[in-house]
Amino acid sequence: MQQQEPLIRRRLSRRTPVAAALVLIVIPATILFGLFVLDDRKYMFVSVLIVLYAMIPFAMIFERRKPQGREIIVIAVLAAIAVAGRSAFFMLPEFKPVVAIVIIAGVCFGGEAGFMVGATAGFVSNFFFGQGPWTPWQMFCFGLIGFIAGNLYRAGWLRRSRWSLCIFGGLSTLIVYGGIMNLASVMMFAAKPSREAILASYVSGFWFDLVHAAATVLFLFFLARPMLEKLDRIKLKYGMME
């Protein structure tokens with residue numbers, strides 16, 4: 001049965017500019033501060049700051065009422081699923097479902113929740129994969145994709161159809177995650193970043209990014225519809241995050 005689009009398309013809320021400022025300005029500035037001023041030695045401190053920043057727009061969802069425990073639990077469960085999925089495929093480099101889960105969270109619960117799930121999943125999963133100066137960058141990339149997905153869907157530019165989500169997932173993984181992480185790797189590990197080093201990073205990372213994008217498409221193709229249907233039923237039953 002084809003999943004129907006919601007009949008009412010809401011406008012972007014007043015919390016969206018706050019969230020956008022945090023995601024697009026404050027968090028990148030914090031990461032760069034940690035890179036250049038703290039010399040990448042305080043990456044755990046920067047990672048915790050990103051989680052705290054992510055909580056601000058997420059908390060604004062409940063500005064007119066108190067949050068219910070079940071709402072926090074659902075977001076925590078989605079983050080846990082992303083962490084578990086990343087750990088389950090540890091033997092396959094870059095073949096991970098994290099971006100797919102983050103996109104689903106953003107589409108179902110909004111960009112703020114999408115960023116929260118992505119940032120939390122990146123932070124927690126690296127306790128298994130290894131924390132390092134790359135952690136804040138990964139948190140930012142995962143969260144940014146969830147934030148973009150939620151707001152594109154709210155604005156009506158991203159649909160819930162399988163192919164719409166798959167196309168967005170593949171492109172966002174390849175361009176947003178791959179584009180930022182390849183540049184970040186040069187900034188983190190090259191003593192003197194150069195145009196040649198940046199180009200080499202993108203060339204050498206392309207196939208890894210392609211595998212990551214293909215994995216996102218595959219997981220969205222099979223998981224998006226059943227997960228969205230179940231999450232929609234939970235939202236409808238409990239009136240969550242309206």
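The values are calculated or read from the model by the stated rules, or taken from the named source; none is laboratory data. If you're wondering where the values come from, they're calculated on a predicted model, not measured in any experiment. Note that we place each Cβ from the backbone using ideal geometry, even for glycine, and neighbour counts take in every protein chain shown.
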Close pairs (8 angstrom Cβ cut-off, 6 or more residues apart or separate chains): under 21 Å from residue 144 (Cβ atoms) in the stretch 81-99, in a helix (DSSP H, G or I) and among the basic types (Lys, Arg) anywhere: 96/86; 97/86; 98/86
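So which residues in the stretch 142-156 are in a helix (DSSP H, G or I) and either in contact (Cβ under 8 Å) with a residue 60 or more places away in the chain or in contact with a helix residue (DSSP H, G or I) (Cβ under 6 Å, 6 or more places away or on another chain) (or both)? Spell out how you get there, then give the answer.
From the stretch 142-156, those in a helix (DSSP H, G or I) are 142-155; that's our starting set.
Correct list: 142, 143, 144, 145, 146, 147, 149, 150, 151, 153, 154, 155.
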Conditions (1) in contact (Cβ under 8 Å) with a residue 40 or more places away in the chain; (2) aliphatic (A, V, I, L, M); (3) within 25 Å of residue 46 (Cα to Cα); number of the one not met by residue 171: (3)
Pairs with Cβ under 6 Å, 6+ apart, first in the stretch 197-213 and in contact (Cβ under 8 Å) with a residue 24 or more places away in the chain, second assigned to a helix (DSSP H, G or I) and of a type in the set (A, V, I, L, M): 209/174; 213/174
Every residue from the stretch 29-43 that is part of a helix (DSSP H, G or I) and surrounded by fewer than 16 Cβ atoms within 10 Å (Cβ to Cβ): 29, 32, 33, 36
Out of 203, 211, 217, sole residue that is among the β-branched types (Val, Ile, Thr), within 29 Å of residue 134 (Cβ to Cβ) and in contact with a Gly (Cβ under 6 Å, 6 or more places away or on another chain): 217
Residues satisfying the stated conditions in the stretch 157-177, i.e. surrounded by 17 or more Cβ atoms within 10 Å (Cβ to Cβ), in a helix (DSSP H, G or I) and at pLDDT below 95: none
Single match in 181, 116, 139 (criterion: surrounded by fewer than 24 Cβ atoms within 10 Å (Cβ to Cβ) and touching a residue at least 40 places away in the same chain (Cβ under 8 Å)): 181
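Could you go through the stretch 75-86 and let me know if any residue there is touching a Lys or Arg at 6+ places or on another chain (Cβ under 7 Å) and either surrounded by 20 or more Cβ atoms within 10 Å (Cβ to Cβ) or modelled with pLDDT of 85 or more (or both). Walk me through it before giving the result.
Residues of the stretch 75-86 touching a Lys or Arg at 6+ places or on another chain (Cβ under 7 Å): 85-86.
Filter once more, keeping what is either surrounded by 20 or more Cβ atoms within 10 Å (Cβ to Cβ) or modelled with pLDDT of 85 or more (or both): 85-86.
Scanning the stretch 75-86, I find at least one residue that is touching a Lys or Arg at 6+ places or on another chain (Cβ under 7 Å) and either surrounded by 20 or more Cβ atoms within 10 Å (Cβ to Cβ) or modelled with pLDDT of 85 or more (or both), so the answer is yes.
Among the residues of the stretch 40-54, what is the count of those that are of a type in the set (Phe, Trp, Tyr) and modelled with pLDDT of 90 or more?
Within the stretch 40-54, the first condition is being of a type in the set (Phe, Trp, Tyr), and the residues that meet it are 43, 45, 53.
So of that shortlist, the ones also modelled with pLDDT of 90 or more come out as none.
Qualifying residue count, the stretch 40-54: 0.
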Verdict on residue 230 being assigned to a helix (DSSP H, G or I), within 26 Å of residue 15 (Cα to Cα) and of a type in the set (Lys, Arg): no
Any pair with Cβ under 8 angstrom, 6 or more apart, that starts in the stretch 34-47 at a residue that is within 18 Å of residue 22 (Cβ to Cβ) and ends at one that is in a loop (DSSP other than H, G, I, E, B) and modelled with pLDDT of 85 or more: 34/133; 47/131
